Amino acid sequence: MHCAVDIDSSTLNNDHASMDSGLDRARDRGEVVELYAHHPGATVNVADIEYVLAGARDRGLDFVTYDQFADPDQTPRAALALSFDDTTIAAWHDQLPLFATYGARITFFVSRYQYIAADEKALLHDIAAAGHDVEAHTVNHLRAPDYVEANGMQAYLDDEVDPSIQLLDQDGYHVTAFAYPFGSRTDETDHAILGRVQTLRSVVFTWPEVSSPCPL
């Protein structure tokens with residue numbers, strides 16, 4: 001189970017000083033700092049994405065993707081794991097020159113894959129061909145605990161988890177990681193999904209009045 005922090009512009013208590021603190025901690029402790037966002041130019045300022053990428057480069061952090069967490073040959077090291085969620089593939093594709101400028105490798109957790117148009121699927125293949133990682137994020141972007149409570153665990157696996165992995169696999173992506181929509185999870189869902197993938201990603205909220213779904 002991995003825990004990422006949101007850098008979208010609407011996120012409270014996660015300004016540049018907070019980003020710097022996380023990057024500094026990764027450098028000083030030899031850890032991986034995990035950050036995520038959604039739609040470049042809409043939910044997150046492109047300038048903030050570049051700020052994080054430049055900060056990682058200037059601190060000597062590597063850029064790692066979620067498929068690397070499942071690779072036993074990877075050496076633990078100070079790094080940034082930056083990911084983007086959902087379906088804004090054209091906006092992600094627009095940032096490929098920025099990612100290349102910093103030598104950054106990014107993970108893209110894709111939801112609703114069956115609804116994505118062919119031209120955007122082609123853009124996603126371009127993203128993967130540029131060295132980035134494409135991983136699963138469910139079929140319909142629903143909260144796992146709510147779905148399980150209403151329909152049962154097997155229905156959640158059959159309806160939301162397995163198809164999201166299989167559709168990507170069928171299009172040539174080797175899926176090793178799964179990100180929960182809204183980070184919403186339970187120990188029960190973790191145990192059910194692990195084995196299908198090697199890595200799960202939830203989130204840590206920066207709102208003090210809201211409990212984070214990720215175990216700490």
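Pairs of C-alpha atoms in segment 11-85 farther apart than 19 Å represent 34 percent of all such pairs. Arranged from fewest to most other beta-carbon atoms within 10 Å of their beta carbon, 201, 185, 105 become 105, 185, 201.
Net length available on complete extension from residue 25 to residue 54 is 8.9 nm, with 0.36 nm assigned per residue and the Cα-Cα distance removed. Under the convention that each Lys and Arg Cβ holds +1 and each Asp and Glu Cβ holds -1, the size of the dipole of segment 1-94 around its Cα centre is about 260 debye. Counting every pair of alpha carbons in segment 166-207, the share spaced more than 17 Å apart comes to 38 percent. If you average the sequence gap of Cα pairs under 8 Å that are 6 or more apart and divide by the length of segment 2-204, what percent do you get for the contact order? That works out to 21 percent.
Secondary-structure-derived ellipticity at 222 nm for the chain, considering helices only, amounts to -10500 deg cm²/dmol, per-run term -39500 (n - 2.57) for DSSP H runs with n ≥ 4. Note on 160, 188: ascending count of other Cβ atoms within 10 Å places them as 188, 160, the fewest first.
In terms of other Cβ atoms within 10 Å, 214, 3 run from fewest to most in the order 3, 214.
Each label was represented as a point 7 Å from its Cα along the Cα-to-Cβ direction; for residue 140 and residue 194 these points are 2.8 nm apart. Rounded to the nearest 20, the size of the Cβ-charge dipole of segment 2-204 about its Cα centre is 380 debye, with Lys and Arg at +1 and Asp and Glu at -1. Comparing 42, 92, 68 along the charge dipole axis of segment 1-109, the residue lying farthest to the positive side is 68, per the Cβ-charge model. In plain terms, the C-alpha convex hull of the chain casts an average shadow of 11.5 nm² when viewed from every direction.
Computed from the coordinates by the stated procedures, all read-outs in this text should not be read as laboratory data. In this text the structure is predicted, and so the values were computed from the model without any measurement. Here the Cβ is made from the backbone with ideal geometry for all residues, glycine too, and neighbour counts use every protein chain on show.
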